[in-house]
């Protein structure tokens, strides 16, 4: 699918113009891929890299354009089951336009960064800045979800919530790797600012982007460390909850077993220290059963078993 956008009053507006400044290809089909490769001379390997979620961020100079691959969070849905994924984005900078290739549809040009736009370089840098902001939003969401799961773990014996935390930790590790490789790309863009034709304002924005990316990376590292260090404690909580339940069931079994033992003894076909025709035999046995039950219950309460 192709989206074509132009700058109107400093903002991107989708208008479908063939001469638009920004062309966004979302999961391009075979015909669109052939156009990008044959007509725009985009390297086929680089194009495949833009659609590969495992590809590293990088910067390449081609004769007619500059190819940039960077990472961004994939749009989260309920079917992902707490797994936040990373996708790649290809940005191909030509003299008169910017071609963006993504594997899935998601928010690309939304939010505060996309104001007062003047040209291709402004759109490119704000696109990278938006991906960093998107990472920060997802990291905050992961932290909020992990807090809710912690409360569930403290009262649950199931492994489901612990497995969800493992999934969140894996997501943060993927995010951390993506943020790191984005940082390498941003530093490379800054080193080649003159070759890329960046203005002084673009260079200053690059400095801000690099700072934001470093802060995002530091925040992700903190959350990864917190989840990793507390995972054993959370597993111990589940194990402790299970032990408490088993202990309670064991004591209840003992309470039930003692009256059963007394009744079984007095039901044996042997001589017992009770007269055969004693009218209070039944109540005596019931009293013994109730006494042993109350005794174990009192010990349970007093010693807080």
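Just so it is clear, none of the values below were taken in a lab; they were calculated from the coordinates. Note that the coordinates shown come from a computational prediction; the quantities given were computed from them, not determined experimentally. Every residue, glycine as well, gets a Cβ built from its backbone with ideal geometry; the counts of neighbours run over all protein chains shown.
Simple spin-label estimate for residue 257 and residue 54 gives 5.5 nm between the two label positions (7 Å along the Cα-to-Cβ direction from each Cα).
In region 2-241, Cα pairs under 8 Å separated by at least six residues give a relative contact order of 19 percent. The long axis of helix 200-266 is offset from the longest Cα principal axis of the chain by roughly 10 degrees. In this rough spin-label picture, where each label sits 7 Å from Cα along the Cβ direction, the residue 180-residue 94 distance is 3.7 nm. Kirkwood hydrodynamic radius for region 1-145: how many Å is it when counted over pairs of different Cα atoms? Computed over Cα pairs of region 1-145, the Kirkwood hydrodynamic radius comes out at 15.8 Å.
Quick one: length gained pulling residue 170 to residue 152 fully straight, 0.36 nm per residue minus the C-alpha distance?
Details: separation 18, 0.36 × 18 = 6.48 nm, distance 1.95 nm.
Computed gain between residue 170 and residue 152 is 4.5 nm.
In plain terms, the chain from residue 1 to residue 140 could stretch by 46.9 nm, reckoned as 0.36 nm per residue minus the Cα-Cα distance. FRET efficiency for residue 294 and residue 236, Cβ-Cβ distance as r, R0 = 35 Å, nearest 0.05? That pair, residue 294 with residue 236, gives E of 0.50.
Report the gain in length on full extension from residue 218 to residue 303: 0.36 nm times residue separation, minus Cα-Cα distance, nm rounded to one decimal. Kindly include the intermediate steps, with their values, before the conclusion.
On the way: separation 85, 0.36 × 85 = 30.60 nm, distance 4.84 nm.
Separation in residues times 0.36 nm, less the Cα-Cα distance, equals 25.8 nm.
Here the calculated FRET efficiency for residue 31 and residue 225, from their Cβ-Cβ distance with R0 = 41 Å, stands at 0.30, rounded to the nearest 0.05.
As a test of the formula, what do you get for the chain when each DSSP H run with n ≥ 4 contributes -39,500 (n - 2.57) and the sum is divided by the residue count, at 222 nm and rounded to the nearest 500 deg cm²/dmol? Walk me through the intermediate numbers first.
Values: 7 runs with 172 residues, N = 305.
Result for the chain: -20000 deg cm²/dmol, rounded to the nearest 500.
The spread of Cα positions in the chain, taken along each principal axis and listed from longest to shortest, comes to 113, 39, 33 Å.
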